[in-house]
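Student: My questions will all concern the structure given below.
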Amino acid sequence: MDADDETTAAMIDDEIYANGGGEDENRNRPIISGEPLDVEAYASLYGGRTKISRLLFIAEQSRGCRNEAMELEALRMAYDEVKKGENTQWFRDVAQKIDGRLGPEYQMDLAWCESVDRRAEQKREKLENELNAYRTNLIKESIRMGYNDFGDFHYSHGQLGDAFKNYVRTRDYCTTSKHIVHMCMCSILVSIEMGQFTHVASYVSKAEQTQEALDPITVAKLRCAAGLANLEAKKYKLAARKFLDTGHELGNNYNEVIAPQDIATYGGLCALASFDRAELKACILVLLSFVFWNKVIDNLNFRNFLELVPEIREVINDFYSSRYASCLDYLGNLKANLLLDIHLHDHLETLYDQIRNKALIQYTHPFVSVDLNMMANAFKTDVAGLEKELEALITDNQVQARIDSHNKILYARHADQRNATFQRALQTGNEFDRDVKSMLLRVNLFKHESNQKQSKKS
Amino acid sequence: MEVLVVNIQGLSTNPGDLPNLHNILKQAHDSLHAESIRLLPLLDMLDPSLHSLGYLYILEACTSSALSKEQASAVVLPTARFMNSCSKEQIQLAPEKFISVCKRFKDYVMQLEAPMRGVAPMLAAIRKIQSSSEHLTPLHPEFLVLCLLSKCYKAGLSILDEDIFEVDQPKDLLLYCYYGGMICIGEKRFRKAVELLHNVVTAPMSVITAVAVEAYKKYILVSLIHNGQFSTSLPKYTSSVAQRNLKNICQPYIELANSYTTGKIADFETVAQKYQEKFDNDNNLGLVKQAISSMYKRNIQRLTQTYLTLSLQDIANSVQLNSAKEAEMHVLQMIQDGEIFATINQKDGMVSFLEDPEQYKSCGMIERIDSSIQRIMALSRKLTTMNENISCDPMYLAKVGRERQRFDFDDYDPVPQRFNI
């Protein structure tokens with residue numbers, strides 16, 4: 001009898017902790033336990049400037065976490081990439097950061113710097129002469145291309161401000177909408193690199209106005225850029241919508257800014273933090289399509305990062321089916337790698353807090369009373385901490401409930417509308433009273449003033 | 001002089017003779033002033049309620065020059081009797097004289113250090129000279145000063161409960177509201193105090209006066225006690241001089257208000273310590289202490305919103321009190337004052353918070369709602385009449401006539417031609 005009771009009790013407990021219906025299959029699927037990021041695989045997803053800036057960011061963060069192996073790996077790859085380009089400033093930075101730790105091949109190569117600089121100077125003179133010639137000839141198209149070339153030149157040498165200025169100058173010489181779109185895309189690219197996302201937003205809207213010249217890939221790129229701008233502006237709901245709207249036509253076409261996996265990740269996290277249940281369900285379906293597409297591309301070499309995408313989908317699935325403990329666990333494990341992402345880094349804490357709060361609110365929503373001990377178990381925290389979190393949510397008016405601290409129960413509380421209405425009515429009456437009386441008084445005083453002025457005049 | 005007295009006695013009885021009497025008195029004005037205090041015995045021959053006008057003139061002449069302490073004490077009693085019993089109609093003929101007599105009366109009473117003697121007569125005097133209960137006379141602030149000095153706050157409150165709409169002198173209003181605010185603070189009627197002080201701060205003014213500054217300081221403290229918050233931005237209708245300057249002059253108070261909103265009692269107390277001397281000099285130290293205790297109360301009230309039951313120790317911890325015993329005392333006091341609804345279970349050391357038992361179903365509540373409605377309807381009517389009056393005002397019409405749009409000549413013209421300037 002006793003043994004029976006115990007097992008049934010354990011089973012009941014299990015079910016209660018699960019607190020969700022639906023898919024009961026993989027209760028013991030493999031958890032990615034914060035496997036360190038494969039820097040090479042990660043970097044191969046990108047191209048252009050963003051590759052190097054992401055590598056440098058990873059190196060910076062690893063240095064903060066004292067993960068020297070990862071830092072050196074990132075710096076090594078950055079060095080190789082920078083040497084393929086023409087940005088001597090970056091080269092000097094990377095070499096300095098490496099500080100001789102990677103052996104003689106990865107030292108400061110002043111000769112290379114000087115030769116690149118010399119070539120750059122020559123090229124700049126040539127471009128300037130050409131531009132002046134075009135300007136005197138007043139041929140719009142060549143002037144536009146001249147400024148464009150200048151912009152490209154500055155961009156590849158890391159002078160982002162000058163690049164931006166030159167791209168913007170082409171605006172006056174654009175004759176077709178294709179030109180305008182090209183200008184917008186270049187400006188967006190440079191603005192993202194500079195971190196000036198207000199420009200990104202304005203140029204995205206400018207480009208979207210020229211409907212005719214936009215092919216699906218450009219549309220997808222613009223949506224991505226808009227999503228990034230919203231993310232930086234902390235408008236997570238809008239960002240999620242933009243990212244999920246991007247669709248898989250983007251492919252690898254925008255990897256000088258963002259990889260398709262990133263779209264899924266950013267979009268998924270923002271959606272989790274800000275969507276309601278209906279939108280969340282739609283989000284899961286969109287992310288499913290991402291997974292399919294990626295499997296088609298057959299990137300078997302890049303397993304670790306690729307598997308992040310189905311993880312995000314699983315996280316959202318868990319949240320939707322109320323398996324909060326595993327959802328929050330997964331998120332915790334992914335955190336270390338997500339912190340290395342250049343765009344997510346500043347927002348991860350906020351997003352995680354919002355996700356956790358949403359989980360708490362969603363847990364308590366359907367119940368009239370909730371036992372705090374069981375809730376603490378479901379969220380894998382202790383009762384005192386949970387009480388504090390709930391107190392904050394109640395004060396913020398996100399949960400309508402009250403805590404019975406003696407018995408550790410949360411009771412849902414529905415405001416008595418009738419009483420509240422009476423109270424508000426009486427209060428409004430008092431305020432009206434007070435305001436009108438002081439207004440009448442002031443009118444009287446004004447009359448006095450004006451009477452005095454009248455009598456002074458006359 | 002005897003001729004004058006006879007005249008007064010003769011002409012005072014018939015209302016038709018009063019203008020005549022008034023002229024005679026005006027002519028005798030200078031000679032009366034020359035005699036000054038020596039006229040005092042004349043007063044015994046007159047009856048203040050029948051011969052009010054004459055009595056007034058003679059009294060005014062008596063008090064016109066500076067008096068020594070004994071002379072002052074001799075004058076005080078007849079003046080008080082006069083203020084209590086004079087005839088309203090006769091007084092209305094020479095209001096400025098009456099007001100100046102009352103003001104000097106107040107000075108003598110203060111000189112004799114017996115402000116309480118002046119309270120009742122001054123109240124009577126106000127009633128005599130007011131044209132309606134909504135009228136603010138220059139005597140109102142004097143009366144409130146006497147109440148404050150003699151600590152007869154309840155007498156002051158009886159005047160304050162009447163609404164004021166007509167004002168003779170703006171300066172009177174500012175002083176009235178300031179003193180009124182202080183009386184309300186003394187009686188712990190903080191809502192009315194906030195109203196009055198708000199009126200001072202937002203009154204139209206062209207220069208910053210000391211009254212406005214002091215009123216602003218108290219206003220900050222009282223709104224912290226009453227509302228638990230204070231916004232440094234003054235409403236739009238405040239005069240621009242006030243908006244620009246008040247904040248700079250009252251910097252320590254603004255700092256105090258900012259530390260109150262953080263909710264941390266320790267911070268608030270440090271700021272209070274820092275500026276303690278300043279607060280003391282302004283006589284606001286008591287208010288600051290009340291603000292500190294109101295902070296505890298507010299924190300406990302916030303707890304009632306989130307908890308159904310809470311242990312006394314937890315209350316002490318979250319409100320930053322020192323022990324459960326102190327928490328118990330605070331909660332007990334608040335329950336007695338009706339600020340929260342709760343029961344304390346001493347066995348467990350638990351406090352259960354209850355809902356407001358007011359169900360809005362009782363007769364008393366219905367009466368209250370009904371009277372509110374009546375009052376607000378009356379106010380509404382007042383507003384409409386005021387609107388109508390202004391629409392008929394020639395100056396307003398002239399301005400509107402000047403600025404209105406001109407359409408076609410044949411269009412219906414709402415403003416008559418006479419006002420086409």
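Student: When chain B is modelled as a GNM with alpha-carbon springs shorter than 10 Å, which of B:D314, B:D337, B:D393 fluctuates the most?
Tutor: With Cα springs under 10 Å in chain B, the top fluctuation among B:D314, B:D337, B:D393 is at B:D393.
Student: Continuing with the same structure: So what's the convex hull volume per residue for the Cα atoms of chain A, in Å³? Please list the in-between numbers first.
Tutor: Working: hull volume 131.3 nm³, N = 458.
Taking only Cα atoms, chain A has a hull volume of 287 Å³ per residue.
Student: Sticking with this one: Which value, in Å to one decimal place, does the Kirkwood hydrodynamic radius take for chain B when every pair of different Cα atoms is included?
Tutor: 26.3
Student: So how far, in whole Å, is the C-alpha centre of segment B:265-279 from the one of segment A:65-130?
Tutor: When both Cα centres are located, 58 Å separates them.
Student: Here's another thing I want to ask about it. How much area per residue is accessible in chain A when the probe is 1.4 Å and only protein heavy atoms are counted (Å²)? Write out the running numbers ahead of the final one.
Tutor: Values: 23360 Å² over 458 residues.
Here the residues of chain A average 51 Å² of exposed surface.
Student: With springs only between Cα atoms under 10 Å, which of B:N258, B:N317, B:N199 fluctuates most in a Gaussian network model of chain B?
Tutor: Among B:N258, B:N317, B:N199, the largest mean-square fluctuation in the Gaussian network model of chain B belongs to B:N317.
Student: In addition: Which distance in Å, rounded to a whole number, links the C-alpha centroids of segment B:71-101 and segment B:144-163?
Tutor: If you average the Cα positions of each part, the centres end up 20 Å apart.
Student: With the other protein chains left in place, how much accessible area per residue, in square angstrom, belongs to chain B at a 1.4 angstrom probe?
Tutor: Using a 1.4 Å probe on heavy atoms only, each residue of chain B averages 51 Å².
Student: A follow-up question, please. At a Förster distance of 22 Å, what's the computed FRET efficiency of B:K382 paired with B:K171, Cβ-Cβ distance as r, to 0.05?
Tutor: Computed FRET efficiency for B:K382 and B:K171 comes out at 0.35.
Student: If you place +1 on the Cβ of every Lys and Arg and -1 on the Cβ of every Asp and Glu, how big does the dipole about the Cα centre of chain B come out, in debye to the nearest 20?
Tutor: On the way: 43 positive and 47 negative charges, 126 e Å.
Result for chain B is approximately 600 debye, rounded to the nearest 20.
Student: For A:I139 and A:V436, calculate 0.36 nm times their separation in residues minus their Cα-Cα distance, and state this gained length in nm to one decimal.
Tutor: Between A:I139 and A:V436, full extension yields an extra 99.9 nm.
Student: For segment A:105-252, compute Rh as the Kirkwood radius over C-alpha pairs and then the Stokes-Einstein diffusion coefficient at 20 °C and 1.002 mPa s; write the answer in µm²/s, rounded to an integer.
Tutor: After rounding, the answer is 127 µm²/s.
Student: Here is a follow-up. Other chains' Cβ within 10 Å of A:405-411 residues: what's the mean?
Tutor: 4
Student: Ok, one more. What FRET efficiency, computed as 1/(1 + (r/R0)^6) with R0 = 30 Å and r the Cβ-Cβ distance, is obtained for B:D348 and B:R191, rounded to the nearest 0.05? Intermediate results must be reported in sequence, preceding the final value.
Tutor: Values: r = 37 Å, r/R0 = 1.22.
The formula returns an efficiency of 0.25 here.
Student: So if we plug the beta-carbon distance of A:Q159 and A:E249 into 1/(1 + (r/R0)^6) with R0 = 30 Å, what FRET efficiency do we get, rounded to 0.05?
Tutor: Computed FRET efficiency for A:Q159 and A:E249 comes out at 0.35.
Student: Further, regarding this structure: Of the accessible area of segment A:59-197, with the probe set at 1.4 angstrom, what percent is carbon plus sulfur?
Tutor: It is 48 percent, rounded to a whole number.
Student: Given +1 on the Cβ of Lys and Arg, -1 on the Cβ of Asp and Glu, and no further charges, what dipole in debye does segment B:219-281 carry about its Cα centre, rounded to the nearest 20? Can you show the working numbers first?
Tutor: Details: 6 positive and 5 negative charges, 65 e Å.
It comes to approximately 320 debye.
Student: Can you list, bin by bin at 10 Å, the percent of alpha carbon pairs in the protein assembly as shown, starting at 0?
Tutor: Pair shares across the bins are 2, 8, 12, 13, 13, 14, 13, 9, 6, 5, 3, 1, 0.
Student: How many percent of Cα pairs in segment B:260-336 exceed 20 Å?
Tutor: 36
Student: What 222 nm value per residue comes from the helices of the protein assembly as shown, counting each DSSP H run with n ≥ 4 as -39,500 (n - 2.57) and dividing by all residues, nearest 500 deg cm²/dmol?
Tutor: After summing the helix terms and dividing by residue count, I get -22500 deg cm²/dmol.
Student: Continuing with the same structure: Rounded to the nearest 20 debye, what is the charge dipole size of the protein assembly as shown about its Cα centre when +1 sits on each Lys and Arg Cβ and -1 on each Asp and Glu Cβ?
Tutor: Values: 99 positive and 115 negative charges, 688 e Å.
Roughly 3300 debye, rounded to the nearest 20.
Student: Can you pull out the buried accessible area for chains A and B, both sides counted, probe 1.4 Å, rounded to the nearest 100 Å²?
Tutor: 3900
Student: Could you work out, for segment A:64-189, what percent of all Cα-Cα pairs fall into each 5 Å distance bin, beginning at 0 Å and stopping at the bin that holds the largest distance?
Tutor: Distribution as computed: 2, 10, 17, 16, 14, 12, 10, 8, 6, 4, 1, 0 percent.
Student: Counting other Cβ atoms within 10 Å of each Cβ, which GluC sites (Glu not before Pro) in segment A:49-89 have at most 11 and sit in a DSSP loop?
Tutor: Passing sites in segment A:49-89 do not exist.
Student: Another question, then. Out of the total accessible area of segment B:130-229 (probe 1.4 Å, heavy atoms of protein only), what percent is carbon and sulfur?
Tutor: With neighbouring chains kept in place, the figure for segment B:130-229 is 53 percent.
Student: Now for a different question. Using a 1.4 Å probe on the protein chains only, how many percent of the accessible area of segment B:241-368 belongs to carbon and sulfur? Walk me through the intermediate numbers first.
Tutor: Values: 3440 of 6970 Å².
Percent of accessible area from carbon and sulfur atoms in segment B:241-368: 49.
The values are calculated or read from the model by the stated rules, or taken from the named source; none is laboratory data. All of these numbers come straight from a predicted model, not from anything done at the bench. Cβ: placed from backbone, ideal geometry, glycine included. Neighbour counts: every protein chain shown. All accessible areas refer to the heavy atoms of the entire protein, side chains included, with ligands and DNA or RNA removed. Shrake-Rupley method; radii C 1.70, N 1.55, O 1.52, S 1.80 Å.
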